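Okay, structure first, notes after.
The values are calculated or read from the model by the stated rules, or taken from the named source; none is laboratory data. These numbers come from a predicted model, not from an experiment. Virtual Cβ from ideal backbone geometry, glycine too; neighbours counted across all protein chains shown. All accessible areas refer to the heavy atoms of the entire protein, side chains included, with ligands and DNA or RNA removed. Shrake-Rupley method; radii C 1.70, N 1.55, O 1.52, S 1.80 Å.
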Amino acid sequence: MSTTNGTDPETNTGGTAPARPDSDVVIIGSGFAGSILASILARNGASVVVLDAGSHPRFAVGESTTRLVSLRMKIIAERYGVPELKSLASFEGLHAEVSASCGIKDSFGFVYHRENGEQHAEEHLELVNSSFINPETHLFRQDVDARLHSIAVSYGARAFSNVRVSDFEFDDRGVTISTQGGRSWRTRYVIDASGFRSPLAKKLGLREDPPSMRHHSRSVFTHMVDVGSYDAAIAPRTLGNLMPWNKGTLHHMFPGGWFWVIPFNNHALARNNLTSVGVTVDPRIHPKPDCSPEEEFRYWLHRFPSIERQFSSAAAARDWVSTDRLQYTSSRTVGDRWCLTAHAAGFVDPLFSRGLTDTLDSVNALGGRLLGALRDDDCRAERFQAVQDTEKARLHNHDNLVANTFTAFQDFDLLNAWLRVWITEQFDLNLESVRAYWRLLSAGDYSGVARLEEVALRSSDGEFSPANRLYNRANEEILRVERGEQSTQAAARAITKLITEADFIPPTLKLRDMSCRSMHLITAKNLAQVLTWARKSAPPHTRDLVIEGVSAFFKMRMRPGEFNRSQELKHIIAGVPARRAWAKASR
């Protein structure tokens, strides 16, 4: 696909840039987004160069997957013909083909705390994966990102490490990229997937100051060893949780902030004794103290005795990272012959593990359009307007979600109600995604993939869907709390009323039962009951989505390598030693 004058970019050391490009695309950054983009572009005929200021393996956060992340990865793998990506969409695939250092995620846990007191047993919420479908994963990013990088290289991407980009020059035929040390590359299109310190954003003055976001937070984080089980810290099953807390991603929430605990050593085949930990706070409520990052983390632990016991023996395994404000945005994310994607475009907060989903949606939106633009030799910004619209919409939606959740941290009743609104929206998004994937997988039908972009772009439209209407009305109630116009308890009652009156929420999910603290959403029994309800009682819009989405779940559950768990994995999750599990499975 590339037009080239035969110049070797590795030996081109400056001077006048050649008139014609040496590559179709140069990608700045070989992390999660950059490597996936390099794979799909190279696999589909583009000449790709990847430049990175560092090298693999390396530390990175963004470690907890969700069902949406896995479905997006499957969609990208199928759409662009990169089957290796599917191994990253399940715990089994990762363990068998990528790394034995990843953890298992069989729950999404939220535990509420009050300062200087023991945790109240009734103040938690737990979403549990069932054995009906494969579990999600805690990604050990240094191994996962290195694997993604190697996939890109195997498809023909040319990768250069320890290369720092210093400048860009654009003209009507291409882009010249200069690096510290005197090298230069000539390309038709440049993608910056490098993250916060984006050299392209700096060159073009794209960062907004202040960022156009409601939310405001900063973070302290690292990897630790010997992090205890929260169940042991508070006595096993005190909270009535269905799954041990260390089998999934655990959020400890409190007014003004939250901790994450993401273990990599939580299954019988674990080969990694690390746990990813961090605390994120709103500095407008909790100003940054004058102390070391570790001292700050310990300070926060000391304010919550239940959490402090979990970390009584823990020690940092690498340097602590302390950030200033995490949020940043860009005035534009596309232009003639360039794009900022994923975390080069903007970032909100690690809460709800939305970063990987948004990254994959940006990759998916950009990949197909860029391949078409290269074929047509037309890389004007107009062709990529939908990519910018999608990225900005997702950042806006994520910002509202997290800002509202931090407001809800003031009161557990409000948090309990708001989380159920989020779960309702996630259930709908999962159905949209599984429907899109099944259409693509079974019939090569891209209509569902296009629909996912429409969902992202129209999600701020209060009339887009019943779940969207519920979300936006609940959003207004929390905004009234933020503005001081109503109490947290009044908002909790209003949102609870919205949920209990929502006729599109399947009754079997128990989301309208505010006293239900632990729930399985996707089990064979639940889905069968949801399907029956959809056919008999669901409103028209919900009926079509639920019937097709739930049917797709069942169809893919029967298809090898999709959602089904192997027998040995069921034993591994239950804690049976691997040798016994394999022996029993082979009989």
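Here are the numbers:
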| read-out | value |
| --- | --- |
| Residue within the stretch 250-272 that is without any contact (Cβ under 8 Å) to a residue 60 or more places away in the chain and open to solvent by 20 Å² or more (accessible area, probe 1.4 Å) present | no |
| Exclusive hit being among the β-branched types (Val, Ile, Thr), touching a strand residue (DSSP E or B) at 6+ places or on another chain (Cβ under 8 Å) and either part of a helix (DSSP H, G or I) or under 28 Å from residue 519 (Cα atoms) (or both), set 363, 449, 387, 434 | 387 |
| Complete set of residues in the stretch 394-447 that are polar (S, T, N, Q), under 14 Å from residue 110 (Cα atoms) and under 19 Å from the mean Cα position of the chain (by Cα) | 405 |
| Residue in the stretch 484-494 that is among the acidic types (Asp, Glu), surrounded by fewer than 20 Cβ atoms within 10 Å (Cβ to Cβ) and within 20 Å of residue 422 (Cβ to Cβ) present | no |
| Any hit, the stretch 231-246, residues being at pLDDT below 95, of a type in the set (S, T, N, Q) and either open to solvent by less than 10 Å² (accessible area, probe 1.4 Å) or in a strand (DSSP E or B) (or both) | yes |
| Residue within the stretch 283-290 that is surrounded by 20 or more Cβ atoms within 10 Å (Cβ to Cβ), modelled with pLDDT under 95 and over 21 Å from the mean Cα position of the chain (by Cα) present | no |
| Residue count, the stretch 325-358 (criterion: touching a helix residue (DSSP H, G or I) at 6+ places or on another chain (Cβ under 6 Å), closer than 30 Å to residue 111 by Cα and open to solvent by 10 Å² or more (accessible area, probe 1.4 Å)) | 4 |
| Any chance residue 417 is among the small types (Gly, Ala, Ser), touching a Leu at 6+ places or on another chain (Cβ under 8 Å) and either open to solvent by 30 Å² or more (accessible area, probe 1.4 Å) or over 24 Å from residue 386 (Cβ atoms) (or both) | no |
| Qualifying residues in the stretch 453-467 (those that are open to solvent by 10 Å² or more (accessible area, probe 1.4 Å) and assigned to a helix (DSSP H, G or I)) - the one modelled with the highest pLDDT | 466 |
| The stretch 69-100, residues that are assigned to a loop (DSSP other than H, G, I, E, B) and modelled with pLDDT of 95 or more | 81, 82 |
| Residues located in the stretch 535-555, provided they are out of contact with any Phe, Trp or Tyr (no Cβ under 6 Å at 6 or more places or on another chain) and either within 15 Å of residue 71 (Cβ to Cβ) or among the hydrophobic types (A, V, I, L, M, F, W, C) (or both) | 538, 545, 546, 547, 548, 549, 550, 553, 554, 555 |
| Any pair with Cβ under 8 angstrom, 6 or more apart, that starts in the stretch 476-490 at a residue that is among the basic types (Lys, Arg) and ends at one that is surrounded by 15 or more Cβ atoms within 10 Å (Cβ to Cβ) and at pLDDT 95 or above | 480/486; 480/491 |
| Total residues in the stretch 182-225, condition under 27 Å from residue 294 (Cα atoms) and in a strand (DSSP E or B) | 8 |
| Test: residue in the stretch 311-324 that is touching a Gly at 6+ places or on another chain (Cβ under 7 Å), of a type outside the set (D, E, K, R), within 18 Å of residue 204 (Cβ to Cβ) and open to solvent by 10 Å² or more (accessible area, probe 1.4 Å) | no |
| Residues satisfying the stated conditions in the stretch 516-546, i.e. open to solvent by 50 Å² or more (accessible area, probe 1.4 Å) and assigned to a helix (DSSP H, G or I) | 525, 529, 532, 535, 536, 540, 541, 543, 544 |
| Residue 326, sole failed condition from (1) in a helix (DSSP H, G or I); (2) among the aliphatic types (A, V, I, L, M); (3) over 19 Å from residue 449 (Cβ atoms) | (1) |
| Answer from 42, 33, 60, 38 - the residue that is in contact (Cβ under 8 Å) with a residue 24 or more places away in the chain, within 24 Å of residue 200 (Cβ to Cβ), assigned to a loop (DSSP other than H, G, I, E, B) and touching a helix residue (DSSP H, G or I) at 6+ places or on another chain (Cβ under 9 Å) | 60 |
| Residues located in the stretch 256-314, provided they are of a type in the set (Ser, Thr, Tyr), over 30 Å from residue 94 (Cα atoms) and touching a His at 6+ places or on another chain (Cβ under 6 Å) | none |
| Condition check for residue 491: closer than 26 Å to residue 110 by Cα, assigned to a helix (DSSP H, G or I), modelled with pLDDT of 85 or more and among the small types (Gly, Ala, Ser) | yes |
| Search result, residues across the stretch 184-233 that are at positive phi and in contact with a helix residue (DSSP H, G or I) (Cβ under 6 Å, 6 or more places away or on another chain) | 195 |
| Criterion violated by residue 444 - all others in (1) in contact with a helix residue (DSSP H, G or I) (Cβ under 6 Å, 6 or more places away or on another chain); (2) within 22 Å of residue 89 (Cβ to Cβ) satisfied | (1) |
| Residues satisfying the stated conditions in the stretch 291-310, i.e. open to solvent by 30 Å² or more (accessible area, probe 1.4 Å), under 20 Å from residue 232 (Cα atoms) and either among the aliphatic types (A, V, I, L, M) or in a helix (DSSP H, G or I) (or both) | 298, 302, 305, 308, 309 |
